[in-house]
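Undergrad: This is the structure, below, for whatever I ask next.
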Amino acid sequence: MSGMSADSPRLRNLLQSVAVSAAAYADTLAARPCAPSASSEDLTRALGRELPEKGEAAEKVLSDLLRDAEGGLVATGNPRHFGFVFSGTLDSSLAADWLSSAWDQNGQVYATSPAAAVVETIVAGWLLELLGLPADSSVGFVTGGQMANFTALACARDAVLERAGWPASEKGLFGAPVPALFASECVHGTVLSALKMAGFGTAQLRSLPADCEGRLRLPELKAAVKECSGRPMILSLQAGNVNTGAFEPVSEIAEIVRGENAWLHVDGAFGLWAAVSPELRGLVPGLTLADSWSTDAHKWLNVPCDSGIVIVKDPVVHRRLKASRCSYAGEEDPRKRDGSAWTPENSRRARGFVLYAALRELGKSGVRALVERCCALARRFAEGASALPRVRVENEVCLNQVLLSWELPSDVDPTLFHRTLAARLQTDGRCWLGTTIWRGRTLLRFSVCNFRTGEKDIDLTLAALAEVSERTLADLTGSAPVRSL
Ligand SMILES: *Cc1c(COP(=O)(O)O)cnc(C)c1O
């Protein structure tokens with residue numbers, strides 16, 4: 001069994017050959033079609049096989065994988081992939097990610113990797129400073145926005161119950177006073193999943209009507225809070241709606257719940273990064289009035305998946321989320337960080353190294369410039385698109401998200417048009433734009449947070465958009481029955 005021998009030249013060769021392939025992949029990213037070329041059947045045919053009884057040589061396994069996965073890769077780092085909220089990977093963060101695997105450090109407690117623990121402590125401080133959040137907040141490094149929202153909302157639950165005289169760590173949730181939950185009807189789906197995993201059902205959630213940008217409406221919030229006055233309350237606010245980029249006004253909302261037993265959580269998976277820029281910080285007034293914040297580094301910080309961050313203002317509440325540590329983990333020392341004390345995981349990837357590298361590579365001014373540049377690119381895209389015939393920009397472009405619709409003749413079905421347009425752009429390969437359903441309508445959606453994206457990419461995308469939309473319109477004319485008068 002080749003894999004079991006300590007054969008260092010072989011390992012070196014294997015890692016070097018993978019490095020060459022990985023660098024070639026990165027070099028061709030911009031030229032690579034964003035969409036995969038292989039179907040699920042193609043991939044199953046190429047990759048599927050009986051699990052071999054006898055092991056295979058590592059070199060063969062890797063060269064097969066490189067060849068067979070190729071057609072099913074999504075070029076998320078292509079500078080013209082404007083779907084989801086995809087970014088690239090900064091050079092140092094990709095390399096540090098490899099090292100994290102090579103070192104195979106367990107970020108569980110201080111003793112399992114002092115280097116990982118110290119780096120996480122340093123990165124936590126840097127992030128709080130960059131984002132302008134209270135310096136003594138606690139920070140957990142998790143897999144993504146979903147787990148950050150889950151961790152924060154579980155803290156919220158425990159804190160408001162504790163203040164209502166119900167120590168949940170001891171008594172559990174059964175029989176507890178029921179907190180009232182508030183969020184916009186346009187809240188991100190991961191908040192709903194987080195609440196479900198934290199023990200809540202749809203019956204406890206007050207889904208509040210939103211304005212045209214997806215922000216919960218304050219008069220309705222005020223009325224709902226008044227109705228629930230005296231009960232424990234949890235509010236999940238958005239810094240950066242995933243479709244429009246809009247922000248909910250934390251300071252005004254904090255004022256509405258003043259005097260109540262309320263916890264304010266801010267989901268800022270990408271939007272929280274606005275706080276790093278003096279130009280954009282005005283979008284998040286009162287950010288520090290919240291009790292917890294979630295964000296992703298694998299979005300705007302341009303590090304590889306999976307890297308999310310949860311921040312809690314009161315470290316005591318955060319620390320109490322988990323039960324006592326494992327019997328074999330040794331004594332806790334408050335001066336030494338136990339990474340898993342702040343996350344749902346126990347054994348965990350040492351995620352701090354990647355963040356440490358990315359933040360040093362960019363520096364404060366680099367992070368600011370990256371965020372500001374992407375917002376300028378979104379404005380350029382919106383301006384260019386609105387100059388095209390029939391195109392309407394549907395949102396206030398305050399950040400990095402743009403929604404587009406086409407004003408169509410009455411014999412063209414709008415849902416079919418927008419879906420066909422997106423599908424054709426995706427196969428065209430010059431760029432990737434998806435659709436979304438926004439307030440009941442299917443629209444074209446654009447999101448940019450890639451450090452590689454430049455003005456030329458926007459202009460190329462606009463050219464593709466002009467061409468493909470023209471052709472789609474011609475082909476779909478007559479797709480909807482003409483409405484009789
Ligand atoms: C992406 C996103 C999430 C979820 O983050 P993951 O990293 O995918 O788990 C949550 N909220 C918002 C607003 C997002 O954009």
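The values are calculated or read from the model by the stated rules, or taken from the named source; none is laboratory data. Computed from a prediction, not measured in an experiment: that's the story for all the values here. All Cβ positions, glycine included, derive from the backbone under ideal geometry; neighbour counts span all protein chains shown. Just so you know, the surface numbers come from the protein's heavy atoms only, side chains and all, with ligands and any DNA or RNA stripped out. Shrake-Rupley method; radii C 1.70, N 1.55, O 1.52, S 1.80 Å.
Undergrad: List the aspartates and glutamates whose alpha-carbon lies under 18 Å from that of Lys60, not counting same-chain residues fewer than 8 positions away?
TA: Asp7, Glu50, Asp68, Glu70
Undergrad: Can you list which of the trypsin sites (Lys or Arg not before Pro) found in the stretch 236-341 are DSSP loop residues with at most 12 other C-beta atoms within 10 Å?
TA: Passing both the DSSP loop test and the Cβ count: Arg258, Arg335.
Undergrad: If you don't mind, there's one more thing I want to ask. Over the heavy atoms of Leu161, what accessible area does a 1.4 Å probe trace out, to the nearest 10 Å²?
TA: 0 Å²
Undergrad: Return the tail of the calculated pair distribution for the stretch 161-305, meaning the percent of Cα-Cα pairs more than 26 Å apart. Mind showing how you got there, number by number?
TA: Numbers: 2570 of 10440 pairs.
Cα-Cα pairs in the stretch 161-305 separated by more than 26 Å: 25 percent.
Undergrad: Write down the accessible area per residue of the stretch 132-272 in Å², having rolled a 1.4 Å probe over the full set of protein chains. Walk me through the numbers on the way to the answer.
TA: On the way: 5240 Å² over 141 residues.
Ligands and nucleic acids excluded, the result is 37 Å² per residue.
Undergrad: Of Asn395, Thr420, Ala376, which is farthest on the positive side of the dipole of the stretch 369-421, counting Cα position, with +1 on Lys and Arg Cβ, -1 on Asp and Glu Cβ, and the Cα centre as origin?
TA: Ala376
Undergrad: Please identify the GluC sites (Glu not before Pro) of the stretch 399-485 that satisfy two criteria: DSSP loop assignment and at most 16 other Cβ atoms within 10 Å. Which are they? Walk me through the numbers on the way to the answer.
TA: Numbers: sites: Glu407, Glu455, Glu467, Glu470; in loops: Glu407.
Those satisfying the criteria are Glu407.
Undergrad: Mean residue ellipticity at 222 nm from the helices of the chain, using -39,500 (n - 2.57) per DSSP H segment of n ≥ 4 over the full residue count, to the nearest 500 deg cm²/dmol? Can you show the working numbers first?
TA: On the way: 14 runs with 197 residues, N = 485.
Estimated from H runs of four or more residues: -13000 deg cm²/dmol.
Undergrad: Measure out, as a whole number of angstrom, how far apart the alpha-carbon centroids of the stretch 356-393 and the stretch 145-203 sit.
TA: Each part reduced to its Cα centre gives a spacing of 34 Å.
Undergrad: So, taking all protein chains as they sit and a 1.4 Å probe, how much accessible area belongs to Leu94, in Å² rounded to tens?
TA: Solvent-accessible area, nearest 10 Å²: 60 Å².
Undergrad: Same structure, new question: Could you give the size of the charge dipole of the stretch 268-394 about its Cα centre, using +1 on the Cβ of each K and R and -1 on the Cβ of each D and E, expressed in debye and rounded to the nearest 20? The partial results should precede the final answer.
TA: Working: 21 positive and 14 negative charges, 31 e Å.
Its charge dipole is roughly 140 debye.
Undergrad: A further question follows. Filter the chymotrypsin sites (Phe, Trp or Tyr not before Pro) in the stretch 234-313 down to the DSSP loop ones having no more than 14 other Cβ atoms within 10 Å, then list what survives. Spell out each step's value before the answer.
TA: Numbers: sites: Phe247, Trp263, Phe270, Trp273, Trp293, Trp300; in loops: Phe270, Trp300.
Answer in residue order: no site qualifies.
Undergrad: Quick check: the distance between the Cα centres of the stretch 41-74 and the stretch 438-462, to the nearest angstrom?
TA: Each part reduced to its Cα centre gives a spacing of 33 Å.
Undergrad: Right, another one. Extension gain Arg335-Arg281, at 0.36 nm per residue separation less the Cα-Cα distance, in nm? Write down the numbers at each step before the final one.
TA: Working: separation 54, 0.36 × 54 = 19.44 nm, distance 3.29 nm.
That works out to 16.1 nm of additional length.
Undergrad: OK, next. Just add up the charged neighbours of Leu460: K/R +1, D/E -1, any other residue whose Cβ is under 15 Å from the Cβ of Leu460. Walk me through the numbers before you get to the answer.
TA: Working: positive: Arg32, Arg80, Arg380, Arg430, Arg452, Lys456; negative: Asp428, Glu455, Asp457, Asp459, Glu467.
Charge balance near Leu460 sits at +1.
Undergrad: Right, here's the next one. Amide H of Asn395: which non-local residues (sequence gap of 5 or more, or other chain) have their own amide H closer than 5 Å, using H built in the peptide plane?
TA: Leu403
Undergrad: Note down the nm distance, to one decimal, between modelled labels 7 Å out along Cα→Cβ at Val61 and at Ala26.
TA: 2.5 nm
Undergrad: Related question: Between the stretch 251-320 and the stretch 334-348, how far is it from one alpha carbon centroid to the other, in angstrom?
TA: Cα centroid of the stretch 251-320 versus Cα centroid of the stretch 334-348: 20 Å apart.
Undergrad: May I pose another question? On a 1.4 Å probe surface of the protein chains, which of Cys34, Cys305 comes out largest in accessible area, and what is the full order? Walk me through the intermediate numbers first.
TA: Values: Cys34 0, Cys305 110 Å².
Putting Cys34, Cys305 in descending order of accessible area: Cys305, Cys34.
Undergrad: When ranked by the protection proxy of mean other Cβ atoms within 10 Å per residue, highest first, what sequence do the peptides 41-53, 432-444 form? Intermediate results must be reported in sequence, preceding the final value.
TA: Working: 41-53: 10.2, 432-444: 18.1.
Top of the packing list down: 432-444, 41-53.
Undergrad: Residues with beta-carbon under 14 Å from that of Pro79, excluding Pro79: net charge, scoring Lys, Arg +1 and Asp, Glu -1? It would help to have the intermediate numbers written out before the result.
TA: Values: positive: Arg32, Arg80, Arg373, Arg380, Arg430, Arg452, Lys456; negative: Asp27, Glu455, Asp457, Asp459.
Local net charge: +3.
Undergrad: So, one more: With θ taken as phi - 60° and the coefficients 6.51, -1.76 and 1.60, list the Karplus ³J(HN,Hα) couplings across the stretch 223-240 in order, rounded to whole Hz; mark glycine and proline as x.
TA: For the stretch 223-240, the Karplus-derived couplings read 5, 5, 5, 4, 5, 9, 3, x, 8, x, 9, 10, 10, 9, 9, 10, 10, x Hz, x marking Gly and Pro.
Undergrad: A further question follows. Would you mind checking the pairs Lys196/Lys336; Lys171/Lys196; Lys54/Lys299; Lys222/Lys299; Lys322/Lys364 and listing those with alpha carbons more than 29 angstrom apart? Walk me through the intermediate numbers first.
TA: On the way: Lys196/Lys336 33 Å; Lys171/Lys196 19 Å; Lys54/Lys299 41 Å; Lys222/Lys299 33 Å; Lys322/Lys364 33 Å.
Correct reply: Lys196/Lys336; Lys54/Lys299; Lys222/Lys299; Lys322/Lys364.
Undergrad: Another question, if that's okay. Just name one of Phe247, Ala274, Leu301: the one whose Cα is farthest towards the positive end of the charge dipole of the stretch 226-343 (beta-carbon charges, Lys/Arg +1, Asp/Glu -1).
TA: Towards the positive end, the residue furthest out is Leu301.
Undergrad: Can you pull the percent of the chain's accessible area that's carbon plus sulfur, 1.4 Å probe, other chains left in place? Walk me through the numbers before you get to the answer.
TA: On the way: 12630 of 22360 Å².
Looking at the chain in its full context, I get 56 percent from C and S.
Undergrad: Suppose each label sits 7 Å from its Cα in the direction of the beta carbon; what would the Glu455-Arg163 distance come out to in nanometres?
TA: So the label points at Glu455 and Arg163 sit 4.9 nm apart.
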